[in-house]
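The structure under discussion appears below in the form of structure tokens.
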Ligand SMILES: [Zn+2]
């Protein structure tokens with residue numbers, strides 16, 4: 001709907017310009033009346049969401065007055081929105097070739113042509129136009145930078161994306177820091193993939209201060225320390241995650257156990273887990289995972305004691321099912337054979353169904369985590385949801 005309002009505004013501006021331009025001549029006065037009728041007709045089609053009919057009207061207006069720049073711009077935009085990008089490109093290219101365009105009209109035509117190329121996937125040409133417009137001031141510059149940012153992210157040109165994000169209007173804002181932090185994290189991940197650990201460390205130094213307590217930054221610092229065999233440091237980073245990003249606690253349990261093992265601190269591992277289970281920010285899934293580890297190391301009575309100790313924090317049927325499963329462990333008749341089977345099914349079913357990552361911008365849902373939403377491209381927009 002916003003697109004249509006913008007188009008209507010653009011068409012209205014074009015007609016306003018046409019009316020002013022032709023008011024000095026009787027001959028053109030007649031033409032003006034004809035174009036006004038066309039405008040009203042086109043506007044009606046737009047309001048009725050009939051873009052094909054609106055295009056017909058605008059084409060006829062262009063035929064009546066081939067010099068009407070704004071009408072061409074509106075028509076080109078309509079073609080692009082209708083997916084007819086090649087026609088939009090032809091219209092905007094013809095406009096730019098005119099020597100009589102004002103600076104503002106030329107910039108608008110360049111912007112529209114850039115958007116045409118971007119939609120057609122001809123990103124190299126779009127980039128040339130947007131970079132030219134980024135040297136200007138005002139809204140064209142902002143729009144150009146925004147589009148460059150989208151293209152460089154799509155093409156994973158992270159250094160260029162960082163450069164553009166630093167110039168964009170969101171300069172110095174938390175949003176800018178968040179974006180640039182993710183771009184450096186992308187570069188650090190690339191470096192880790194090629195075993196360039198010094199390169200990864202350098203990228204993370206850049207990200208520090210931008211995303212100091214972000215889960216992604218902390219996880220990458222942990223990964224780097226682990227790859228370098230620095231387990232004391234790795235454990236410190238895991239503790240930072242436990243402290244600042246409680247929703248990631250379940251995710252790092254195996255790494256935590258491995259670190260305690262490498263440092264010869266196995267005896268302290270269970271105590272750390274029990275502390276974590278007692279923390280009110282630990283969700284039911286984490287507590288159930290901890291109960292499994294306790295059961296494996298200390299037996300089912302200890303695991304049951306842990307669950308019962310924290311039972312008042314959770315009301316979900318998953319907790320009851322988990323307790324039943326533990327009661328029946330190694331003694332299928334203790335709680336009734338069928339009940340045990342049902343409890344197992346319930347635990348598995350709830351565990352897989354209740355963990356979701358949902359985008360708070362577009363509603364995209366995924367079982368796995370994404371730093372950037374595959375649905376709308378927003379960063380850090382997928383919220384972790386867990387049954388309690
Ligand atoms: Zn999204």
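Of everything in the range 132-148, what is part of a helix (DSSP H, G or I) and either buried (at least 20 other Cβ atoms within 10 Å of the Cβ) or in contact with a helix residue (DSSP H, G or I) (Cβ under 7 Å, 6 or more places away or on another chain) (or both)? Give them in sequence order. Once the filter is applied, which keeps residues that are part of a helix (DSSP H, G or I) and either buried (at least 20 other Cβ atoms within 10 Å of the Cβ) or in contact with a helix residue (DSSP H, G or I) (Cβ under 7 Å, 6 or more places away or on another chain) (or both), the range 132-148 yields 132, 133, 140, 141, 143, 144, 145, 147, 148.
Summed over the range 349-364, the residues that are modelled with pLDDT of 65 or more and surrounded by 12 or more Cβ atoms within 10 Å (Cβ to Cβ) give a count of 8. Just so you know, in the range 200-218 the residues that are assigned to a helix (DSSP H, G or I) and free of Cβ contacts under 8 Å to residues at least 12 places away in the same chain include one that is nearest to residue 246 (Cα to Cα), and it is 205. Regarding residue 213, is this residue in contact with a strand residue (DSSP E or B) (Cβ under 9 Å, 6 or more places away or on another chain) and farther than 30 Å from residue 92 by Cβ? Against the criterion (in contact with a strand residue (DSSP E or B) (Cβ under 9 Å, 6 or more places away or on another chain) and farther than 30 Å from residue 92 by Cβ), residue 213 does not qualify.
Listed here are the residues, each with its yes/no results for (1) touching a residue at least 24 places away in the same chain (Cβ under 8 Å); (2) out of contact with any helix residue (DSSP H, G or I) (no Cβ under 9 Å at 6 or more places or on another chain).
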residue: 79; (1), (2): yes, no
residue: 82; (1), (2): yes, no
residue: 86; (1), (2): yes, no
residue: 108; (1), (2): yes, no
residue: 120; (1), (2): yes, no
residue: 160; (1), (2): no, no
residue: 174; (1), (2): no, yes
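Residue 300 meets all of the listed conditions (1) within 30 Å of residue 211 (Cα to Cα); (2) modelled with pLDDT of 80 or more; (3) more than 16 Å from the ligand (Cβ to nearest atom) but one, namely (1). Taken over the range 186-213, the criterion of being crowded, with 18+ Cβ neighbours inside 10 Å and farther than 24 Å from residue 155 by Cα is satisfied by no residue. Would you mind stating whether residue 247 is touching a strand residue (DSSP E or B) at 6+ places or on another chain (Cβ under 9 Å), closer than 25 Å to residue 275 by Cα and assigned to a helix (DSSP H, G or I)? So residue 247 passes the test. Residue-level check: of (1) touching a residue at least 40 places away in the same chain (Cβ under 8 Å); (2) more than 31 Å from the chain's Cα centre (by Cα), residue 257 misses just (1).
Being at pLDDT below 85 and either surrounded by 14 or more Cβ atoms within 10 Å (Cβ to Cβ) or away from the ligand (no atom under 16 Å from the Cβ) (or both) is a description that does not apply to residue 370.
The values are calculated or read from the model by the stated rules, or taken from the named source; none is laboratory data. Predicted, not measured: the structure shown is a model, and the values here were computed from it. With ideal geometry, Cβ positions are generated from the backbone for all residues, glycine too; neighbour counts draw on all protein chains shown.
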